[in-house]
Structure formats: C-alpha cells, structure tokens
Amino acid sequence: MSAMDTKTKGAISLKGSAQLVQEFFHYGLNNILYQRGLYPADSFSRVKQYGLTLLVTNDNKLKAFLEPLFQQVEKFLAAKKLKRLVMVISEIKTKEVVERWQFDIQTEDINEEGENSTRQKDEKKIRQEMGDVIRQITASVTFLPLLEVPCSFDVLIYTGKDTQMPQDWAESSACLIENAEQVQLRSFSTSVHSVQAQVQYKLES
Amino acid sequence: MKQLSYFRVPVMSQVIKSAPSSPLGKITRKIGDLSLVKTPGSASRRGNVSLFCGKTPNQSFNHSSLFVVGGAKGGRGLTKRDLTPSRNHNRTFNGTTGGGDRFIPNRCQTQFEFANYMFTSQPEDSTFNTSLSAPNSPQKNPEKEGMKQMMRAKSSSDMTTFNDDSRIFVYKKNMAPPPPTGHLNQPKVLYSTSAHPTSSVRRTARHIPSAPERILDAPSFIDDYYTNVLDWSSSGLVAVGLGFDLYLWNAESGDITHLIALDEENEGNMVTAVKWDSDGKYIALGTSDGTVRLFDPERCSDPTTARELRKMTIDRSCRTGVLAWRHHVVSAGHRSGQILHHDVRVARHNIGMFSGHRQEVCGMKWSPDLKYLASGGGDNVVNVWNVNQMTTTHPTPELVLTDHISTVRAIQWCPWKTSTLATGGGMQDQTLKLWDVNGGKMMKSVDTGSQVADIIFNSDYKEVMTAHGNPNYEIKIWKYPSFSEVASLGGHTARILSLAQSPCGQFVMSAAADESLRIWQCFKIDKSTAKLAQRKTMGSSIR
C-alpha cells in the first residue's frame, strides 16, 4: 500500500504537466511584463510562488486579455500540440519588434491513457526548476537594453501543421528580430514537457 | 617523482591540439614553447620546479624541502600531515594541488614567466590589451568578432528558424491592452521609483496620508471647468461658493458659516468666482452676470440680508470666471476673454482692461512679486501681462505662450523662483508646463495623463501638487524640479476642479465635481525640523 502511495505521489500525468507548464507561463509572462516595465509597477501585486516573490498584474483589462490565452495554451499543451511559445515585445508606435522571449517545448511521447500515462518526477523539484528559470528571466533585465519607448506585447504559439486555428487567434509571421542578440536561458522539465527558455533582443545600434 | 605530474606542460599541449586556431590556443602554445625551450626534455622535472619557483629563494627552498620529504617516503607523494591543516577536511590531497597551503600562496601555479612574457612582449595579434597606457575601449578585432559570431551560432543557430511544418498563431494581434496613458517605462523603475512596491526602494522622507483628513459636503457645487469658487484666506477661512450661496469654513474651529445667499430668482447671481484679498479681510465674489461684489465677512450677520461693501458692474459684461487681487485692485477674467481691473477704492472703479484672449478666461494669477499677471483661457493661450500696462489704453501681453493644446485653467507661480510659471492644460493636453517668464522659454513639460485643473507649489518641501480631472480623478504630488511623482492621492469620484492651500502650507483642500471638499494633510511639517528652522530664524532676527 505504501509502495503504491509513493509511486503515485511522484507521478505526473500529461494533464497535470500541462497545468504546471501553463502556470509557469502565467507567472513567467507576468514577470516579464513587470520586469520590462510594459505596465506601471503599481498595477502589479505580489504573489509567493516557486519560493520567489513574483509580481502578477491586477489590471482587470490585462487579466481578461491573458486568461483565455493561457487557457488555450493549456489545451494545446495537454494535446501535445504546442511546440513553442513566444512573447514578442514591440514598440507601440513603430511596431518594431525589440524583444522575443521564446520558450521551446518538447513533449515526451506518452499516451494519454493507459499504463504509461504517468511519469516520475517530484513536483517540488519541477517547481524549483521553474523558479530557477523565472529567476533567470528576472536577472536578465540587467543586460537587456532599456525599453525607452512605450511597448506592447503579443504572444505567438507554434503548433503542428494539422492544428485547427482557435478562436481569437490568427496566423502570423514569426516576428523575428534582424541581427538579434540571443541568450539561452535555463530549461526545466516536468518529465512530460520540457521547456527551454531563450531571449532575443535587438542590439543597441 | 610522479607527484610532480601537476606540472602543466602536458595539459597545455592538449589544449593546443584541440584548439589550434583559437587565440587562447595561441597563447597557450606560446607558454608551451616558452617552457619547452627552457626545459629541454620533460624528464628533468626537478628543473621545471626550480624554473617556476627559482626567482624567490625562499619559495624554492620550501619546495625542495617538500620534495625531499616526498622522496624520503618512497615517492608516495605528500601526505596530509605534511600540510598545514586547512579548514576543508573533506578535501583529500590528490597529488595535484602543489605545495601551497592557505598561508603561503602557491607560487608554482602563478605563472610568473608567462606574466612577464605577456608584459614585456607585445605581439600584434594579442587579444589582451597589454599596453601600459591608460585603459581604453578594446579595439574591434575582426578575429574576435568572428569568434563571437561562432560562439553565438553555437548556442542558438537553429533556434529562431523553425524549419519543420509548424503553424504560427498569434493571440489577438496588437490587441494587448495598452498601458495607461502617460505611463512611461521609466528605466529607473526597477531600482528607484517610489511606485515600486519592494521595500528596498528609497522612499520619500515623510509619510503622505493617502486618505483625506476630512471630507466636507459641497452640495450644488458647480461642475464647470471655467469657474473658480474655492479659496483659502490668509486668515484661515475657506470660502466656497455653492450655487447662489457662499459658505465659510473655519479651519481651526471647524465652524461653518452660511455667509451670503444671493437671490436665486436671478440667474445672474450664480457664484462663479471667489477670491480673498491678500489680508484675508475681504472677499471678492464674481457672478455669472459679470458683476464683482465685495463682502466683509465680519459685517455679515445674516446671509439673506448680507450687504455687500461694493458692487462693481460693467455694461455688457458677461460671466466672471476668475478673480485675482493685487493690493486694492481686483482683476476679473470674463467669458468674453477680457480681463477687467477694478480699483475698489475709487468711484470709477474700472481702471483698465486686458483683452488678449479670444475665449473665456478661467485661470489667472499674479506673480509673487506682483509684477506679472498670468492668464489662461479657453483659447489654449497663456498670456503674461506686465503690471505697467494695467492702465494703458491698448495693452499687449508681454508673453503669449501657445504651446498648450487645450484650455489652460491651472496657473500658478513658483513662490521661491518668481520668474517660474507653471501652467496645466485640459483634456486634450494633459501636460504640466513650466516657463521662464524672463525669456518666455518652456523649461519643462510633463505629461500627467489627465486634465490638469489646478496647481499648487509647496515651499517647505519644494514640491508641486496638481489636481486632475478626466480620466484619473487624482491629486498628484511631484518633486520640483525633477518632476518625479512623489504621491498620488485618490478618493474623488469625479473631476477635481480646484485646490486651495492653507496659510500654513500644510493642508490642501480640493474641490471636485462629486460635490465634496477634501482636506489633505500632505505637506505636514516635521515638528523637530520646524523648530530648528524657527530657532534659526529667531537667531538671525536677534542678530
């Protein structure tokens, strides 16, 4: 009995993994919005997560914007369709892309149901890894160029060819930055999804 | 002799093999050459040791003695006991750390020869800046750039291009909610702004209460941007015009006096402007028919029968939106754009007229030295008039400031720098501008994000306070002259129209279209520092 318990304790299902990764994106993207100063600092409130104090927007409009986004992301994650998620920060006036926060997602090939539906990995460990990535995102503000003009953001997702386009989403280009500087960040893995973070930014001319 | 295998040459040659073209490889090759030249044959390792250590006899002795110890123990190498005990007990001696301990630096691993070589010789293709001159920015080296490119490519060559058959979706492109208007991504936000919620941030020295000290009801307060019905006298009485009535509020006792009730039958009796004279003895009252009335609150016992000291009317005049006193002259800004000057002492009271606005005048203030009158109006223009022209027949403004793009109601002079004028624009403009009236130049323009209805300067803290209308009904406090935001006070639920400062400067009353008056103690003077200042002034007066 006890052996069973320990087995299920560390086990993680595809659905649970999707939820964890979605949660990571929620905190990660909010953190980027705060750290990069896209919205005023006072419109964020503090939340304890991953052993860190993170800032999450309390602006209702922004919340309403992000919520369906993350819901869709979770759906795609659970369907193993999400290959990459990119947060594109661009200048409002010129529409020029200045920063790209890229999260590459690798999904392990497991069946949704059945014997092999779960994998072993301690949730605590996963959260710690996620915290490390977020910590690194926060730290990268020190080398990223200042965003001196008002900027806005878009979220891109890369999916397989056969994916149906969901509502509110549209086909897009990759919004690449010419001659970008790239910095590889840490990665984390839930044993189902592994996420590799990276930031690309425009070189200061 | 095996214990001396820590010597570097073999390791270096490996490096050379693995990276023959890299700059690092070149350097190491040089070291390799260097040591190889001086030590023919890797067999004479003893020679190597003395080569590296020979320059300091002390050290070489140390090492040779260690060497003897090692030799005596039959080539087993140094034992733990031979070293000064270090804190790190877990570390076992593995024969490659050399003879150093925590007190004597390990000279063997300090590559003096190499350092000397690098200092004395100056190869052209060196990647190090070896010049003895002052440090300057590193030269752009094509090789280095190439290296950088390679390194970058290594880390993320195929990261951006997703070659396979994937679709890219974007979520509501360009639909992300925009940041509130006026939000500037202050680069300093991370480290220094007061808006930053972390505790490590330097805060302003004093506490500014975010809630008002007191809230008073102001029923039938007119929501009209072109009227000015709130004033705080130098004697401590707040006068506020509500509809056809004038109320006084005694700041010390809290008593409310219904001072004047004008006849409500006559539409023209609506109070549209209230202003105390500089002594706080008389009130000038402007009404919507353009009349200017003078009252002495001491003499008014009954509001309905209150008799005015004087009633000054001009034919064909229209609503008085704003009043300003200069000694015994009260100037009235009218809807027509004209400013009429009334000398309250003489029978023919109208002594002059400034006509420089094409629309209603709604902001007007004399400079602290009473030399200039600044007026703003619905035509988005700020005029600065010289007092010398007050009685001339065709006066022209000294300055015409046309940078605002909306009605200018908020006008205030800086009390500690008399040539500085602050003006604030309306809905379309939302900026606070500072002007130097001596040159007529704009010194600063701050986007506040809302309609600016009134401005107040605080001399104690050298701060500026602004009252805002749409869209954020706030009062903001700014540091002068940096105009960094110190505080923002919310609470009003409709646009704020007027601010009035108490004679002591510590309190500010705000009047808003939500029919409330709020008193804020936002410039509270610290008692200890105030006492100090008092002592100082006393000292100077005795002298």
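When region A:145-163 is limited to residues that are surrounded by fewer than 17 Cβ atoms within 10 Å (Cβ to Cβ) and touching a helix residue (DSSP H, G or I) at 6+ places or on another chain (Cβ under 7 Å), the one that is farthest from the other protein chains (Cβ to nearest Cβ) turns out to be A:Glu148. Considering A:Asp132, A:Asp122, A:Asp104, the condition of being closer than 24 Å to A:Gln49 by Cα, in contact (Cβ under 8 Å) with a residue 12 or more places away in the chain, facing another protein chain (nearest Cβ under 8 Å) and charged (D, E, K, R) is satisfied by A:Asp104 alone.
With the structure loaded, tell me whether A:Leu203 is among the aliphatic types (A, V, I, L, M), out of contact with any strand residue (DSSP E or B) (no Cβ under 6 Å at 6 or more places or on another chain), closer than 24 Å to A:Gly37 by Cα and within 13 Å of chain B (Cβ to nearest Cβ) or whether it fails that test. Here the answer is no, as A:Leu203 does not meet what is asked.
Just one of the listed residues (B:Leu323, B:Leu340, B:Leu370) is outside any strand (DSSP E or B) and in the same structural domain as B:Leu262 (by TED's automatic domain parsing), and it is B:Leu370. Before we move on, is A:Leu69 within 11 Å of chain B (Cβ to nearest Cβ), crowded, with 22+ Cβ neighbours inside 10 Å and under 18 Å from the mean Cα position of the chain (by Cα)? No. For region B:456-467, filtering for residues that are surrounded by 23 or more Cβ atoms within 10 Å (Cβ to Cβ) and either touching a Gly at 6+ places or on another chain (Cβ under 8 Å) or not assigned by TED's automatic domain parsing to the domain that holds B:Cys522 (or both) leaves 1. With the structure loaded, tell me whether B:Ala453 is hydrophobic (A, V, I, L, M, F, W, C), surrounded by fewer than 24 Cβ atoms within 10 Å (Cβ to Cβ), assigned to a strand (DSSP E or B) and in contact with a Phe, Trp or Tyr (Cβ under 9 Å, 6 or more places away or on another chain) or whether it fails that test. Answer is no for this residue.
Listed here are the residues, each with its yes/no results for (1) more than 9 Å from chain B (Cβ to nearest Cβ); (2) at pLDDT below 90.
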residue	(1), (2)
A:Phe24	yes, no
A:Tyr27	yes, no
A:Tyr34	yes, yes
A:Gly37	no, yes
A:Ser43	no, yes
A:Arg46	no, yes
A:Gln49	yes, yes
A:Leu52	yes, yes
A:Asn58	yes, yes
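The strands (runs of 3 or more DSSP E) located wholly in region B:215-319 that include 3 or more residues which are under 25 Å from B:Trp366 (Cβ atoms) and free of Cβ contacts under 8 Å to residues at least 40 places away in the same chain occupy B:310-312. Just to check your reading of the model, which residue among A:Lys80, A:Lys125 is out of contact with any strand residue (DSSP E or B) (no Cβ under 9 Å at 6 or more places or on another chain) and outside any strand (DSSP E or B)? None of the other options fit; the residue is A:Lys125. Taking region B:473-530 as the range and being assigned to a strand (DSSP E or B), surrounded by fewer than 21 Cβ atoms within 10 Å (Cβ to Cβ) and among the basic types (Lys, Arg) as the test, only B:Lys479 passes.
Of all residues in region A:176-192, exactly one satisfies the criterion of being more than 8 Å from chain B (Cβ to nearest Cβ), within 21 Å of A:Ser90 (Cα to Cα) and touching a residue at least 60 places away in the same chain (Cβ under 8 Å), namely A:Ile177.
Table: residues versus (1) in a strand (DSSP E or B); (2) at positive phi; (3) away from chain B (no Cβ under 11 Å).
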position: A:Met165; (1), (2), (3): no, no, no
position: A:Ser173; (1), (2), (3): no, no, no
position: A:Ser194; (1), (2), (3): yes, no, yes
position: A:Val199; (1), (2), (3): yes, no, no
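Taking the criterion of being surrounded by fewer than 24 Cβ atoms within 10 Å (Cβ to Cβ) and in contact with a His (Cβ under 7 Å, 6 or more places away or on another chain), the only residue of region B:320-329 that qualifies is B:Val329. Could we say that B:Glu360 is modelled with pLDDT under 90 and not aromatic (Phe, Trp, Tyr) here? No: the conditions fail for B:Glu360.
The values are calculated or read from the model by the stated rules, or taken from the named source; none is laboratory data. Bear in mind the structure is a predicted one, so any value in this text is a computation, not a measurement. Ideal geometry is used to build each Cβ from the backbone, glycine not excepted, and the neighbour counts take in all protein chains shown.
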